[in-house]
1. Every residue in the stretch 108-125 that is under 13 Å from residue 95 (Cα atoms) and at pLDDT below 95, please.
2. Condition first: of a type in the set (Ser, Thr, Tyr) and touching a Gly at 6+ places or on another chain (Cβ under 8 Å). Now tell me which residues in the stretch 520-567 satisfy that.
3. Under the condition of being closer than 19 Å to residue 121 by Cβ and small (Gly, Ala, Ser), which residue from the stretch 214-249 is surrounded by the fewest Cβ atoms within 10 Å (Cβ to Cβ)?
4. For the stretch 208-236, name all the residues that are of a type outside the set (S, T, N, Q) and either touching a Cys at 6+ places or on another chain (Cβ under 9 Å) or more than 21 Å from residue 422 (Cα to Cα) (or both).
5. Can you name the residue in the stretch 541-551 that is over 36 Å from the mean Cα position of the chain (by Cα) and either among the aromatic types (Phe, Trp, Tyr) or closer than 17 Å to residue 467 by Cβ (or both) and is also surrounded by the fewest Cβ atoms within 10 Å (Cβ to Cβ) among such residues?
6. Given the criteria free of Cβ contacts under 8 Å to residues at least 60 places away in the same chain, surrounded by fewer than 18 Cβ atoms within 10 Å (Cβ to Cβ), of a type outside the set (Val, Ile, Thr) and not assigned by TED's automatic domain parsing to the domain that holds residue 420, does residue 200 qualify?
7. I need a count of the residues in the stretch 324-368 that are in contact with a Pro (Cβ under 9 Å, 6 or more places away or on another chain) and assigned to a loop (DSSP other than H, G, I, E, B).
8. Would you mind finding the one in 482, 440 that is in the same structural domain as residue 549 (by TED's automatic domain parsing) and buried (at least 19 other Cβ atoms within 10 Å of the Cβ)?
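The values are calculated or read from the model by the stated rules, or taken from the named source; none is laboratory data. Because the structure is predicted, anything quoted here is derived from the model rather than measured. Counting neighbours? That spans all protein chains shown, and the Cβs are built from the backbone with ideal geometry, glycine included.
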Amino acid sequence: MLPAEWTVNLLLPFFPYLIAGASQSGGIDSLAVLRSARRAQDEFEITRRANLPERPSASNGGRYEIIGRVRYWYEGGGDEDRAPAERPQIRQARARLLAALAVAGAALPGDEWIQGQRVRYMLEDSQPRLAARVVEQCRAVQSWCEALGGLVQQVEGNFAAAESLFSTALAGMPEDERCRWSDITPLLDGDLADRYRQLDCDGRAAFETRWWWLAQPLYSLARNDRRTEHFARQTMVRIEQGRRTTFGLYWANDLRDVLLRYGWPTWWTREPPVSPLAQSEPNITGHDPSPAFQFTPRARAFDDPGHTTPEDWSPEPLQARERYAPRYAKAFQYLDHQLAVFRRGDSCVVIAAYDLSHDTALGDQPARAALIVTRSERDVVVRDHETRLNHPDVLMATAPCDHQLLSLEVVSPTRRTVARARYGASLDERARISDLLLLEGSDSLPSDLAAAVPHALTTTRVRADRPLGLFWEVHGLSSAGEEVTTSLTVTRRGTGWLRRAVEAVGLAAPRRDVSLDWTEVLVPRAETLTVAGRALALDLAGLSPGPYRIEVTVTARGRASVTARRNIDLVQP
């Protein structure tokens, strides 16, 4: 099955769209020039359709969606769908078209349609440098020339340049046109779509800013390539509208919506004829870049990203409203890790440990790792560094204590692979006990956070045959020290319904697989004033594999108890 295809039935009605003729310039018959250029495009597309490779489409099976005249389907999977070699007849016909468009462009350097077609077919012919030269010589409306430049840069993966060009283009547009270009209605559904439709242009702008912030694939990239991809698609919409497309259909809103949601096809095939005597034009299938991913989270993340879970940010649902295939990633995988938060005054230290050395696809590859803590598109903390993936790694970031969106990102450029974990977390400045940091068990236990971090486990999957170390901090202690009682329990999660019913009516106490209690005096370290660290090692060898919850409760005389919890999965080696 093919990862992404869309096909059309040419027996359905056409929807013609008329374009006004260009103005006369310098005695040149501009209408004649434009008609000649359009005929050249029509002849090329007819030649292309006649010479496309035959390949049965997958549209008769699997998941698909009907969008107007288009049947769109996506089979998923991580393999790239590679185009077959283009036939010489198509390449020769495109060369003739580009030559005709060059003549027309020289005669009418200010014609928007001609300049757009030149850029489109040069990019299609893998000539981005020539396309960039056309943009440099563009004499059409400036905002259109800037948008064409943004398209070229986006296709080339130069996202910073694309963002700059699209921003300039939008700033130069009249307000109503800028609103149309910024419109994300096709990308939304459900409650968000209803809310968006009720807003005026200014209200939509604020909505769009937040939506694009959440949809950004990698916060560690300086630019939002998903947003620039949207404007590249808007540019391609304007290039294609008003004419008969490669599918053989005239442009209409169904083709616009599919292009904005999933991008434009980069190669095509045609359905084999039913019989040698069949005279009707074939159904054409367009093939999008693949693999493609949905980067927008579930709807609830729009209002409260700080309380989301990793499942809310899964990039690969088969049923997706929109998709994007970034040049830098043929695979987006979940990054297994351990995360813990520790207070430092009115700030919080976030610690993320991970290990990709076991991933044979990545091996000893160079990579860039980043930990991002963010509350909005204007308030982003990034800690990143270059690394190699043959050893565990730990990232630390200091950010304001609050409900934050966390994103742990590792990018391997050589393998075009991204590992990412994104979800909300509570960084509570009032918490009197920190998270529990899981450590490699050892005879020498750390006395402070700096000593504990190098020994942090890179996952919450814990081996039963090794001691498990724990480190936590207690806040708000007297500088002279306080006597506290600590209770530690390890309880299996997912207790059966009968046991839960018995516990609920008080006929049995909650099961604790491990239970420890002790009293001690905790004395804060001099440099932390009222904070004391504590560590211990647990032997879990007597427990059967499965999911467990570790709870540590600390009680000081005259104060309410405070509890820290950590879920683990106990596994056999």
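1. none
2. Here is the first cut: in the stretch 520-567, the residues of a type in the set (Ser, Thr, Tyr) are 528, 530, 544, 548, 553, 555, 561, 563.
Answer for the stretch 520-567, where residues must be of a type in the set (Ser, Thr, Tyr) and touching a Gly at 6+ places or on another chain (Cβ under 8 Å): just 530.
3. 242
4. Here is the first cut: in the stretch 208-236, the residues of a type outside the set (S, T, N, Q) are 208, 210-215, 217-219, 221-223, 225-227, 229-233, 236.
Those that are of a type outside the set (S, T, N, Q) and either touching a Cys at 6+ places or on another chain (Cβ under 9 Å) or more than 21 Å from residue 422 (Cα to Cα) (or both): 229, 230, 231, 232, 233, 236.
5. Residues of the stretch 541-551 over 36 Å from the mean Cα position of the chain (by Cα): 541-544.
Add one more test, that the residue is either among the aromatic types (Phe, Trp, Tyr) or closer than 17 Å to residue 467 by Cβ (or both), and what stays is 541-543.
Numbers: 541: 11, 542: 8, 543: 16.
Per the stated criteria, the residue is 542.
6. Numbers: free of Cβ contacts under 8 Å to residues at least 60 places away in the same chain: yes; surrounded by fewer than 18 Cβ atoms within 10 Å (Cβ to Cβ): yes; of a type outside the set (Val, Ile, Thr): yes; not assigned by TED's automatic domain parsing to the domain that holds residue 420: yes.
Judged against the criteria, residue 200 is a match.
7. 11
8. Working: 440 fails: buried (at least 19 other Cβ atoms within 10 Å of the Cβ).
Criteria check complete, one pass: 482.
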